[in-house]
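**Student:** Sharing a structure with you now.
The values are calculated or read from the model by the stated rules, or taken from the named source; none is laboratory data. Because the structure is predicted, anything quoted here is derived from the model rather than measured. All Cβ positions, glycine included, derive from the backbone under ideal geometry; neighbour counts span all protein chains shown.
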Amino acid sequence: MTRPVYWMGRLPNVDDFGVQYKNVMIDGKTTRGPWANMTEESWKTYGIGLLGTGCGQKYEKQPDGRWLKVEG
């Protein structure tokens, strides 16, 4: 069994495209080139569509406020 992985940094209330976070955050590569912290909405618009090594990770907000890595 692997240990849970959590996002270590602080996140503002909105993603790198100005959309407010709900319960999912994606740290991923964008079609514009650089990486970004994105909501699912922004990921659908600007993300490359893949998660995993070299592409990105998906996190879900936990009841304690921490972001748990769930994919990628």
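**Student:** Take residues that are in contact with a Cys (Cβ under 9 Å, 6 or more places away or on another chain) and tell me which of the strands (runs of 3 or more DSSP E) falling wholly in the chain contain 1 or more.
**Tutor:** Counting at least 1 such residues, we get 24-29.
**Student:** Return yes or no: is E40 surrounded by fewer than 16 Cβ atoms within 10 Å (Cβ to Cβ), of a type outside the set (V, I, T), modelled with pLDDT of 95 or more and under 11 Å from the mean Cα position of the chain (by Cα)?
**Tutor:** For E40, the condition - surrounded by fewer than 16 Cβ atoms within 10 Å (Cβ to Cβ), of a type outside the set (V, I, T), modelled with pLDDT of 95 or more and under 11 Å from the mean Cα position of the chain (by Cα) - is not met.
Residues checked against (1) without any contact (Cβ under 8 Å) to a residue 60 or more places away in the chain; (2) touching a strand residue (DSSP E or B) at 6+ places or on another chain (Cβ under 7 Å); (3) farther than 16 Å from V70 by Cα:
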residue	(1), (2), (3)
P12	yes, no, yes
Q20	yes, yes, yes
I26	yes, yes, no
T30	yes, yes, yes
W35	yes, yes, yes
M38	yes, yes, no
S42	yes, no, yes
G56	yes, yes, no
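**Student:** Can you name the residue in the range 7-31 that is out of contact with any Ser or Thr (no Cβ under 9 Å at 6 or more places or on another chain) and closer than 20 Å to T53 by Cβ and is also modelled with the lowest pLDDT among such residues?
**Tutor:** Of everything passing the filter in the range 7-31, G9 is modelled with the lowest pLDDT.
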